[in-house]
Amino acid sequence: MSSTTNTSTHHTSTIGSIGTPSRRNTELALLLFAVAIPVFAYANVGLAINDQVPPGLLGYGVGLGLLAGVGHLVVRKFAPYADPLMLPLATLLNGLGLVVIWRLDQSKRLQALPTFVSAAPRQLLYTALGIALFVAVLIFLKDHRVLQRYTYISMMGALVLLVLPLVPGLGANVYGAKIWISIPGLGTLQPGEFAKIVLAVFFAGYLMVKRDALALASRRFMGLYLPRGRDLGPIVVVWIISILVLVFETDLGTSLLFFGMFVVMLYVATERTSWIVFGLLMSAVGAVGVASFEPHVQQRVQAWLNPLREYKLSQQGVFGHSEQSMEALWAFGSGGTMGTGLGQGNSDLIKFAANSDFILATFGEELGLAGLMAILLLYGLIVERGVRTALAARDPFGKLLAVGLSGAFALQVFVVAGGVMGLIPLTGMTMPFLAYGGSSVIANWALIGILLRISDTARRPAPAPAPNPDAEMTQVVRP
Amino acid sequence: MSELTLTVMRLGFLAVLWLFVIVAVQVIRSDLFGTRVTQRGSRREAGRQPQQAQRQAAAPPPQRQQPSGGGRQRRGAPTKLVVSEGTLTGTTVALQGQTITLGRAHDSTIVLDDDYASSRHARIYPDRDGQWIVEDLGSTNGTYLDRTRLTTPTPIPLGAPIRIGKTVIELRK
């Protein structure tokens, strides 16, 4: 940014490096927009349900605005060159999630449930915690390369986080999937959400060191590069771990997320298509194999293949069948192209988990295909910015970490949206930022924080090269 | 609440949501095409110093030699500097009243990839009347205007070749 002046007697003007603009003002403008949209939605829901502008509108708007403002100021101070889009996108998704959770809180049908708790104030609290963690990441993580030192500690940490739900007395079996732990007095926590980030750190550190061996030492066979047996070690280990997760925690989503993230990062690190082929084969084999004997997984697959039959069985009171998949599909259907309007749908008929796992069904019904596509595009834009950050990053560790984090984010969106829409069997994961759930919101804000840190480093203008113009002597012309 | 109001709000909300998406995409677009890269003559040079080129393109005209009140552009004054020989052949630099430095030093306006050029070889600047002057900066091999080696700052006639090492530049309208 500096324009140096020449100290010699000449009036030579020297051009200093002009930095890329930091674009913080763009971020601020987008952020205001991103806060205004949920406030609009909030007023809309209030008008539709109670015929009046909700009394909490100002408090809600100011609350969300304050949180976003704090995030923005911290970015301005500690990561001035970071990507201008990620914070507004995450804020918008989080705000929309809050509105729809509040809208479901207003539902008479859900209020009649014995398990009903008003979820929106809690979600606002989780959002505040999430932003606090986001701020902490930006303040204390001065350079993402520090994480590289903790490659193997991260591996241990991720394993512990993954195993925690299985520890007797700590793990909580919530409707078949054992991916929660319950901390007395604090509620439940989904360690898998945090494991996602820690595992990305481990994979990035590991692959950065090993990628040459994985990429180059291979034989070519039928157009595919076959890796050596001993190089297959890590992928086999990760595969076994994700299969174990599937078997013991009976959650397809978590398993798919971890394995998928590893394959994505492996592909990016080595540029070998064969890894993707192997990964797809192995995950297919693993999923089919486990589904052949694990009843919970079988049940989910059944609900996916025949949602209507499941619905009927559930209506007849047969235990162990869920009507939700079918109800979600009906919700999408009744939404149509333009939706029923916020607060005017009947997606609260999906009683249990309507505001967490199935929140997308509410969006689908009340905003219609048009709104749902916009939501998915918002997710897509976050992922795009993540990958763009990876492309711009100058260090291989940062590249891999950014790809891993945004890949995991994308996979999570795919797994949840695909599950709710009936593309793949339903899993126990939640839509990042939209769905009700503390772990998800907090972990994903931390994820955005790390991505912003990497993008700040990547977009920061490079320091001027050392003034060494006379490295080679000028040759003298000898006639 | 009337049906009409709610319908308007519903469609309005979708419109606003999409507007946000579009604005976000516009931001990405300006991010992609934000900086202008001047086409340098030789591909080798462009590959070697893309940042340099970018920086020069993004830089505002540095250090106006004369305030705009100093005299209006004369008729027939050169408007650009063209490299006609050497590795940078084809490069043009707009003349906007700024000093142009030539040399191998990385901070020169035109960075010469030429073994026979000095790091700070010569400079070209407008004098008070807007006449462009070339001055040798004590280079090893000298700066030639046509065939004569420069010893003092010399006004440049339009189209006269200035030779620096293997590079030849000239001013054009």
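None of the figures in this text is laboratory data; all of them are computed from the coordinates on show. Keep in mind it's a predicted model, so treat the numbers as computed, not measured. Counting neighbours? That spans all protein chains shown, and the Cβs are built from the backbone with ideal geometry, glycine included.
Tabulated data for the structure shown
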{"quantity": "Least to most buried among B:Lys80, B:Lys166 (fewest other Cβ within 10 Å first)", "calculated": "B:Lys80, B:Lys166"}
{"quantity": "A:Gln344 paired with A:Val285, simple spin-label distance in nm, labels 7 Å along Cα-to-beta-carbon", "calculated": "5.4 nm"}
{"quantity": "Using a Förster distance of 22 Å, the FRET efficiency for B:Arg172-B:Thr151 (Cβ separation, nearest 0.05)", "calculated": "0.30"}
{"quantity": "A:Glu271 versus A:Leu376: modelled label distance in nm, points set 7 Å from Cα along the beta carbon direction", "calculated": "3.2 nm"}
{"quantity": "Whole-Hz couplings from phi, Karplus 6.51/-1.76/1.60, listed for the stretch A:288-297; x for Gly and Pro", "calculated": "5, x, 5, 4, 6, 10, 8, x, 5, 5"}
{"quantity": "Inter-site label distance for A:Gln315 and B:Ser30 at 7 Å from Cα along Cβ, in nm", "calculated": "5.4 nm"}
{"quantity": "Average beta-carbon neighbours from other chains, 10 Å sphere, peptide B:106-118", "calculated": "3"}
{"quantity": "Principal-axis tilt of helix A:57-78 within chain A, Cα atoms, nearest 10 degrees", "calculated": "30 degrees"}
{"quantity": "Part-to-part distance (alpha-carbon centres) for the stretch A:278-323 and the stretch B:127-166, which is given in Å", "calculated": "83 Å"}
{"quantity": "Residues of the stretch A:35-57 with amide N under 16 Å of the 7 Å Cα→Cβ point at A:Ser334", "calculated": "A:49"}
{"quantity": "Alpha-carbon Debye profile of chain A, log10 I(q)/I(0) at 0.09, 0.11 Å⁻¹", "calculated": "-0.65, -0.94"}
{"quantity": "Helix axis angle, A:119-140 relative to chain A longest principal axis, alpha carbon, degrees", "calculated": "20 degrees"}
{"quantity": "Rounded to whole Hz, the Karplus (6.51, -1.76, 1.60) HN-Hα couplings of the stretch A:244-256, x for glycine and proline", "calculated": "4, 4, 5, 6, 8, 9, 6, 10, 5, x, 4, 4, 4"}
{"quantity": "0 to 90° range, to nearest 10: angle between helix A:359-392 axis and chain A longest Cα axis", "calculated": "20 degrees"}
{"quantity": "Footprinting exposure proxy for A:Tyr436, A:Tyr81 (fewest neighbouring C-beta atoms within 10 Å first)", "calculated": "A:Tyr81, A:Tyr436"}
{"quantity": "Relative exposure of A:Val416, B:Val27, A:Val160, judged by other C-beta atoms within 10 Å (fewest first)", "calculated": "A:Val160, B:Val27, A:Val416"}
